[in-house]
Amino acid sequence: MKLNRYLAFIACSFLSANMLIGCTNSANSAKNNTAEDYTITLSKEYSYMTADDAGNIYGITVDFSADSGSGTSDTQSISQNASVTMDVINSNGKITKTLNLPSGNVSTFAVNRNNIFVFYFDKIDILDNSGKTVKELTFSSDIFVAKPVSIGDKVFFMLQDNSTDYFGNGANMELAYVGPTSDSIKKPGITDVFNIMKYKDNIIKLYSYDESGDIKTTNFDASSLNIKDSTTETNANIDIDTEYSQINDKVYIFNYSGLFEKNYGDSFSKTLMSFDGSEYSSMQLAGNNLYLFGPYDKKVRVISVSALDTKMNNQQQIVIYTQDGSITDDDSTVAGKAIQKFKKNHPDIAVSFQNVDYDKYYDDLNAKVMTQDNSFDIFYLPESKIDSYINNGVMADLKDNKNVMDNFNNNINPNLVKLVSRDGYYFGVPIMFVSNVITLNIDKFAELSIDLPGDVWTYDDYFNILSKLRDKDKNLYFQTAQTDFYYLLDYVSYSVDMKNKKANIDKNKLTDILTKLKTVLDDSNSTSISDDNLLNSNSFLISYGNSYDSDNLDAKTKFSNPPVISKDDPKYFVSGTEFLCVNKKSKNLDLSCELLSYVYDKDTVLNRDSMYDLPIYKDMLKYNDILKADLKEELQITSDTDAQLIKVFDQQKLTDDYITVYNNILSNYKASIDVFNTDSGSKILDDFTNGKITVDDTANKIISLVKNMVEE
């Protein structure tokens, strides 16, 4: 039962725009709904649904009361005796015809002008439009069929010969097809297919993986049964759980969070509408309509494509330019909460997203900046990119917007000002804040008679302590390369002044850091901290980061500031902080600022989802109850194990220490630069860690890369 419900979500049938099953007459069609956006309420619940270009909807129902319980595998969740019916429904929701189909374990179905194709896990039944069986193809083992596409008299689909493997391996499927007179499933020889959609001129567009793991797009001619052409789309944002329909070069994309539109080949998509993940289960394009099926809610939403495009073109919009869907209106995120409040206050204004592929985002954004593009209003930036964009004057200054500044002044920790401003220029609002707080194992330090580090300690202190711990306990779990990489990243950031475009990297110091890192990488006796031993009593550092990943609570802990480069000038680098900024050329400047103001209004502040955001706010101690509750949830502590929590943590001290550490980090904050999150930087580190280049070569390459980045 559970599997069949899942299959109903992913195995939607797609029809070609010129196919029509002969089940309804013109009189029925004439009565069909002509509205541009309407919802059909169905009289019953359907497991599988599809539609045609005349406005007819088809729903299959499986009667589980006939199930004898004799299924022979996991995929055969209903028996061969389950009865199957198909209703033909017009656009007013009226059932115009009911067909009794062969019984069995249905996985999906498709229709065309003359035939109905019903796919089971052990057979395919091909019927005429009266429901009479024309051909039955049976199989000795299970098959799994997904996303059938009707073209001419054939149905093309993705095939897995053993359906149980599909769920384990994800996308090991191949293109196949059948026709009304087929004696077997035909396979053109295109394998590793994980998505399929009807394109144009009898062309099927297939998505598969090539030998390099990149996504390959293949255009398959359904008439000649030959490949027309193929291209590679590196890091294309396509997966098995997303459904696609296409009219010429316009692609409509559906997943459980919304409906999106893009021109084929574009690196970004526009959000046409957002909805709750359970509201609709599948999408289909038929004729000039998009069909959104919500079979478990007994409804179908029908939207005219032309009307949807007109509405999008005419409606006032706030356009958010974002990287690979990192910003959405999902109200489980702080950005989503702000967007939802804005939409509630401005129901006539749409909030749309231009979602750009991860690897193309900054190139596309840079191109827009250079041309002073005003087609977007708000955009996403990580903290490490802020200074370079400030130098280009891209972001609107928010200090003149009363709503933004009131919420900043009333609700935000004053130490955060450094994070969101440069010389009185307020460039954006943070939507996520992460820093690397170290949690120390007090018991282990005491056991080995080693002094705990002070409030301010350097990486040299860290390595000295680590050396002492190694000497006294060879079996000790300790942080290895991860901390050393932080040392490298922090030193490079420490040495760069993006504002004045200067880099003062000392090669001797950089070489020393790389040598330490190489020693750790080459140390075969290193025992790294993992999720399994993160809170183990034999760990030196309980964690280096901002979260606990284990409930193995058997050590007394202390929050500590992370190491710094210099005690004389202690600087902390906030990692993982992300901002929303307003495009200085925005056509909706005031509205965009209003939306950002909701990120830190009172309602949002009191409804943050993570304890790690809390130090951002003013008067954090009054939120201790929230912090404690979040901490308990994060540590997976239940009421039954409160005694263990109390034994391990002094909650009041924990929250006070946590806030103190984060305030210290914010008050001594310095912007980092994203040196190694680039193709060039990543290759340098990969070559170094794999032993392809020496320490000296690595140092020279890093210095050269940083120099080029600063100059650019």
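Looking only at the stretch 417-441, how many residues end up being over 15 Å from THR660 (Cβ atoms), open to solvent by less than 50 Å² (accessible area, probe 1.4 Å) and either touching a His at 6+ places or on another chain (Cβ under 9 Å) or not hydroxyl-bearing (Ser, Thr, Tyr) (or both)? Residues flagged as over 15 Å from THR660 (Cβ atoms), open to solvent by less than 50 Å² (accessible area, probe 1.4 Å) and either touching a His at 6+ places or on another chain (Cβ under 9 Å) or not hydroxyl-bearing (Ser, Thr, Tyr) (or both) within the stretch 417-441 amount to 13.
With the condition being modelled with pLDDT under 85 and open to solvent by less than 10 Å² (accessible area, probe 1.4 Å), I'd like the strands (runs of 3 or more DSSP E) fully within the stretch 517-596 carrying at least 2 qualifying residues. Reasoning before the result, please.
Numbers: elements: 541-545, 557-560, 578-582.
Answer list for the stretch 517-596: 541-545.
All conditions but one from (1) at pLDDT below 85; (2) in a loop (DSSP other than H, G, I, E, B) apply to SER130; the one that does not is (1). Within the set VAL695, VAL675, the sole residue that is at pLDDT 85 or above, within 30 Å of ASN500 (Cα to Cα) and in contact with a helix residue (DSSP H, G or I) (Cβ under 9 Å, 6 or more places away or on another chain) turns out to be VAL695. Within the stretch 317-366, the set of residues being polar (S, T, N, Q) and closer than 15 Å to LEU580 by Cα comprises THR322, GLN323, SER326, THR328, THR333, SER352, GLN354, ASN355.
Okay, residues lined up against (1) modelled with pLDDT under 85; (2) in contact with a Cys (Cβ under 9 Å, 6 or more places away or on another chain); (3) under 30 Å from SER140 (Cα atoms); (4) open to solvent by 40 Å² or more (accessible area, probe 1.4 Å):
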residue: GLY22; (1), (2), (3), (4): yes, no, no, yes
residue: LEU42; (1), (2), (3), (4): no, no, no, no
residue: SER79; (1), (2), (3), (4): yes, no, yes, no
residue: THR85; (1), (2), (3), (4): no, no, yes, no
residue: THR108; (1), (2), (3), (4): no, yes, yes, no
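If you check SER326, SER306 for being assigned to a helix (DSSP H, G or I) and surrounded by fewer than 21 Cβ atoms within 10 Å (Cβ to Cβ), only one passes: SER306. Each residue in the stretch 173-230 was checked for being of a type in the set (Ser, Thr, Tyr) and assigned to a strand (DSSP E or B), and 7 pass.
Does the stretch 666-695 hold any residues that are in a helix (DSSP H, G or I) and either surrounded by fewer than 13 Cβ atoms within 10 Å (Cβ to Cβ) or touching a Cys at 6+ places or on another chain (Cβ under 9 Å) (or both), and which are they? First the steps, then the outcome.
If we filter the stretch 666-695 for residues that are in a helix (DSSP H, G or I), which is where we start, we get 666-667, 679-689, 695.
Scanning the stretch 666-695 gives ASP679, SER682, ASP686.
The values are calculated or read from the model by the stated rules, or taken from the named source; none is laboratory data. Computed from a predicted structure; not experimentally measured. Here the Cβ is made from the backbone with ideal geometry for all residues, glycine too, and neighbour counts use every protein chain on show. Heavy atoms of the whole protein, side chains included, go into the accessibility calculation; ligands, DNA and RNA do not. Shrake-Rupley method; radii C 1.70, N 1.55, O 1.52, S 1.80 Å.
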